[in-house]
1. Does THR54 count as touching a Phe, Trp or Tyr at 6+ places or on another chain (Cβ under 9 Å) and closer than 22 Å to LEU153 by Cα?
2. Go through (1) surrounded by 16 or more Cβ atoms within 10 Å (Cβ to Cβ); (2) within 16 Å of LEU208 (Cα to Cα); (3) in contact with a helix residue (DSSP H, G or I) (Cβ under 7 Å, 6 or more places away or on another chain); (4) not polar (S, T, N, Q) for VAL21 and report which single condition fails.
3. Among the residues of the range 272-302, write down those that are buried (at least 16 other Cβ atoms within 10 Å of the Cβ) and under 17 Å from GLU124 (Cβ atoms).
4. Output the qualifying pairs, or none if there are none: Cβ atoms under 8 angstrom, residues six or more apart or on different chains, first residue in the range 236-249 and touching a residue at least 12 places away in the same chain (Cβ under 8 Å) and over 10 Å from LEU185 (Cβ atoms), second residue part of a helix (DSSP H, G or I) and of a type in the set (Val, Ile, Thr).
5. Looking at ARG156 and the list (1) closer than 20 Å to ALA8 by Cβ; (2) touching a residue at least 60 places away in the same chain (Cβ under 8 Å), which single condition is not satisfied?
6. From the list ARG211, ARG151, ARG156, which residue is over 12 Å from the mean Cα position of the chain (by Cα) and under 18 Å from SER110 (Cα atoms)?
7. Only helices (runs of 4 or more DSSP H) wholly contained in the range 189-275 count here; list those with 3 or more residues that are in contact with a Ser or Thr (Cβ under 7 Å, 6 or more places away or on another chain).
8. Provide a single number: the residues in the range 63-84 that are within 18 Å of the chain's Cα centre (by Cα) and not small (Gly, Ala, Ser).
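We did not get these values from a lab; they are worked out from the coordinates using the rules stated. What you see is a predicted model; the values in this text were computed from it and never measured. Because the Cβ atoms are built from the backbone with ideal geometry, glycine has one as well, and the counts that use them run over all protein chains shown.
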Amino acid sequence: MKILVTGAHGFLGRSVLRQDVAEVELVACGRRGEPPPETLAYRRVNLLDAVAVTRLLALERPDWVIHTAALTDVDLCETERDLARRVNLEMVGNLADGCDEIDAGLAHLSTDYVFDGRTGPYAEEDPTNPLSYYGQVKLESEARVLEWGKRGLVLRTLWLFGYVPETRRNLVTWPLEALVKGEELAIVHDQWGNPAFVGDVALSLVELCLRGSTGLFHVGGADFMTRHELVLELARFFGLDAGRVRAVPTEHVGQKAKRPLRSGLRWEHLAAKLGREPMGFTQGLAAMRKEQDFRRDFADLA
């Protein structure tokens, strides 16, 4: 099976490209001129250019496209709505049209921000009600894939963590860097979720494509916790000073976009499909600590 991965220089995209699965050929694409370290099978493309996308797919003829490219800065999406709509919706439409031409499947990433965070964790059939523009546009992008009528797959996820060098910091790497430096941290105590190890999510995407799965799935970690509890557990795991972590309410942080507070994603449907349960938080940290890049860049913690 041949899978084309968009967002090849991003956190999740590079994690997908690191998966070594028998009978799967992974080809990367992105905006930059140079390939990511994980692959030399790379195509440069602007996903906002519909003609270029159709041409690329016709050239590569993948069986599936895993679409990880997105604008995930929730506050920026709130203020730059045209940009958010172009990147998080128009790109998806271009890929769906291109996949339609070659009869390829399209696996699209979405988010728990399609929910309002009142009654989480959420199952796939629970009603949506996004609080932010980011969540609203991602919900529209889901519909674009699921109503497409061919091989459309949507995987909602949340709170991705792990370590991939030269990618955007995530909810584990930035507090870890701060704690190593001995800095004080103010972490919200009223946002709930189940953190998902990025390698686990990446493997799930590849496995779903291998099975020819379509429809809507949720993927999250096995442990449900607050962001404050997450950072405390992170500090304990690596033997750092948890006393430097202070709890604050979300309303004191001053974020431009509203966040779902009691969120989280139920993963039983995906587990039944793949025959395995997701990693817990400390399992993910242990897997991260074993990785070569982490051992090199965080040698004192490895």
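1. no
2. VAL21 satisfies all of (1) surrounded by 16 or more Cβ atoms within 10 Å (Cβ to Cβ); (2) within 16 Å of LEU208 (Cα to Cα); (3) in contact with a helix residue (DSSP H, G or I) (Cβ under 7 Å, 6 or more places away or on another chain); (4) not polar (S, T, N, Q) except (1).
3. LEU274, PRO278
4. Taking only residues 6 or more apart or on different chains, the pairs are PHE237/THR282; LEU240/VAL180.
5. Among (1) closer than 20 Å to ALA8 by Cβ; (2) touching a residue at least 60 places away in the same chain (Cβ under 8 Å), the lone unmet condition for ARG156 is (1).
6. On the way: ARG211 fails: under 18 Å from SER110 (Cα atoms); ARG156 fails: over 12 Å from the mean Cα position of the chain (by Cα).
Being over 12 Å from the mean Cα position of the chain (by Cα) and under 18 Å from SER110 (Cα atoms) holds for just one of ARG211, ARG151, ARG156, which is ARG151.
7. On the way: elements: 198-210, 227-237, 268-274.
Counting at least 3 such residues, we get 198-210, 268-274.
8. Here is the first cut: in the range 63-84, the residues within 18 Å of the chain's Cα centre (by Cα) are 64-77, 84.
Pick out the ones that are also not small (Gly, Ala, Ser) and you get 64-68, 71-77.
Looking only at that region, the number is 12.
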